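Reviewing the structure listed below.
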Amino acid sequence: MKKFATVSMLGAAVMLSLALGVAAVEKASFAADPINKVCPITGKDVNPTKTVEYEKQVIGLCCDDCKGKFEADPKKYIGKVKEFKKGKKSSSPAACCCENEAAQEIAVAADPINKVCPITGKDVNPTKTVEYEKQVIGLCCDDCKGKFEADPKKYIGKVKEFKKSKKSSSVEEISFDDPINKKCPITGKDIVSGRTSEYEKQLIGFCCQDCVGKFEADPKKFIGKVKEFKKKKSSVQ
């Protein structure tokens, strides 16, 4: 009888261990389910065994190759995962309401103000952004991001959503929003929106990008053809 009881207890212990193991596996597999159905790199259906954890969220990929690409540069692809939720900064229980509001404000400020890249005209990639005058400008790729960072004033006029900060000054400033001229100083054609170049704090309009390049290479050669251009008065003592 003792031997039978011992065997029965061992059997029960084994069954309990197996049950706990199955429960643990089910829990782990449930936690490992990717949030997305489509691979952000290829657009194919995800393979539930090919996943990467990013900001405490499981991202699904279609193959090991895509998994490696995502792990190498997650910020490049995460914008294509529609199901991804940007993590809000966690505040401590003792944090005041002001700190919570500030954290939410930072999260909102991360979204670009524009929908179209000011350089190529393509849709912006929400992960390719630059901050300019406390506003987040979206670009379509790293190449455009580098160009904008190198000379933001050259392209900011093409961001219609950009709001200029008003400077408190007694001196009247020339508007930077619209070009001062209606005709291209090189071809004589009507100017095209977005084809501009700044010269002596005045915005000159052109008919095409080719003319913009010619003007920027030698502005003094063509500026005389802009009748609306106002020359700076030299201060005489």
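For the range 34-89, what are the residues that are closer than 23 Å to residue 142 by Cβ, touching a helix residue (DSSP H, G or I) at 6+ places or on another chain (Cβ under 9 Å) and hydrophobic (A, V, I, L, M, F, W, C)?
Within the range 34-89, the first condition is being closer than 23 Å to residue 142 by Cβ, and the residues that meet it are 39-43, 52, 54-55, 59, 61, 65-82, 84, 86.
Narrowing the set further to residues that are touching a helix residue (DSSP H, G or I) at 6+ places or on another chain (Cβ under 9 Å) leaves 39-43, 52, 54-55, 59, 61, 66, 69-70, 76-78, 84, 86.
If the condition is that a residue be closer than 23 Å to residue 142 by Cβ, touching a helix residue (DSSP H, G or I) at 6+ places or on another chain (Cβ under 9 Å) and hydrophobic (A, V, I, L, M, F, W, C), then 39, 41, 52, 59, 61, 66, 70, 78, 84 are the ones that fit.
How do the pairs read when you match residues in the range 125-147 that are more than 13 Å from residue 113 (Cα to Cα) and without any contact (Cβ under 8 Å) to a residue 12 or more places away in the chain with residues anywhere that are hydrophobic (A, V, I, L, M, F, W, C) and assigned to a loop (DSSP other than H, G, I, E, B), using Cβ under 9 Å and keeping only pairs 6 or more apart or on different chains?
Listed by first residue and then by second, the contacts come to 143/119.
Name the residues in the range 44-82 that are surrounded by fewer than 16 Cβ atoms within 10 Å (Cβ to Cβ), without any contact (Cβ under 8 Å) to a residue 40 or more places away in the chain and part of a loop (DSSP other than H, G, I, E, B), would you?
44, 55, 56, 63, 73
We did not get these values from a lab; they are worked out from the coordinates using the rules stated. All values derive from a computational prediction rather than experimental measurement. Cβ atoms come from the backbone with ideal geometry, glycine included; neighbour counts cover every protein chain shown.
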